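Encoded as structure tokens, the structure appears first; notes follow it.
The values are calculated or read from the model by the stated rules, or taken from the named source; none is laboratory data. Source: prediction; values computed, not measured. Here Cβ is always computed from backbone atoms with ideal geometry, including for glycine, and neighbour counts include all displayed protein chains.
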Amino acid sequence: MKKYYKPEKSPLFAAILNFLFWGLGYLYLEKRTNEAFYLISSCFLVWIFSFWYLFISGPLAFAGIYWIIFWSLWVGIYTGYDAYRLGKVRK
């Protein structure tokens with residue numbers, strides 16, 4: 001029986017993926033896949049809502065977009081850190 005070499009996944013790359021697009025780092029690490037699909041769908045909804053809000057509100061949208069970006073950054077930082085931490089843990 002042949003044993004195949006499975007390369008280690010980079011925790012830093014997983015953190016960057018999770019920061020840029022929530023949930024992709026979890027899928028890359030093949031951990032927390034159910035949570036990853038929820039995060040991916042919520043990221044899509046946040047982007048759709050923010051573009052819709054910008055289109056509807058016009059020049060008055062800066063206050064709303066500021067809060068969307070602010071909270072999106074916090075979620076991205078947290079999920080990026082969590083993916084990095086998960087990537088450091090051995091199976």
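So, LYS31, is that one under 13 Å from LEU86 (Cα atoms) and out of contact with any Cys (no Cβ under 9 Å at 6 or more places or on another chain) or not?
Against the criterion (under 13 Å from LEU86 (Cα atoms) and out of contact with any Cys (no Cβ under 9 Å at 6 or more places or on another chain)), LYS31 qualifies.
Restricting the search to the range 75-91, which residues are exposed (fewer than 15 other Cβ atoms within 10 Å of the Cβ) and modelled with pLDDT of 75 or more? Lay out the reasoning, then the answer.
Filtering the range 75-91 for residues exposed (fewer than 15 other Cβ atoms within 10 Å of the Cβ) gives 77-78, 81, 85, 88-91.
Matches in the range 75-91: ILE77, TYR78, TYR81, ARG85, LYS88, VAL89.
Hey, among the residues in the range 36-74 that are modelled with pLDDT of 80 or more and in contact with a Phe, Trp or Tyr (Cβ under 6 Å, 6 or more places away or on another chain), which one's farthest from LEU86 (Cα to Cα)?
Checking each candidate, the answer is CYS43.
Which of the residues spanning the range 33-52 are of a type in the set (Val, Ile, Thr) and exposed (fewer than 11 other Cβ atoms within 10 Å of the Cβ)?
Selection gives ILE48 alone.
What about PHE55, is it over 10 Å from the mean Cα position of the chain (by Cα), within 21 Å of TRP71 (Cα to Cα) and loosely packed, with under 12 Cβ neighbours inside 10 Å? Explain how you work it out, then say what you get.
Working: over 10 Å from the mean Cα position of the chain (by Cα): yes; within 21 Å of TRP71 (Cα to Cα): yes; loosely packed, with under 12 Cβ neighbours inside 10 Å: yes.
Spelling it out, PHE55 is indeed over 10 Å from the mean Cα position of the chain (by Cα), within 21 Å of TRP71 (Cα to Cα) and loosely packed, with under 12 Cβ neighbours inside 10 Å.
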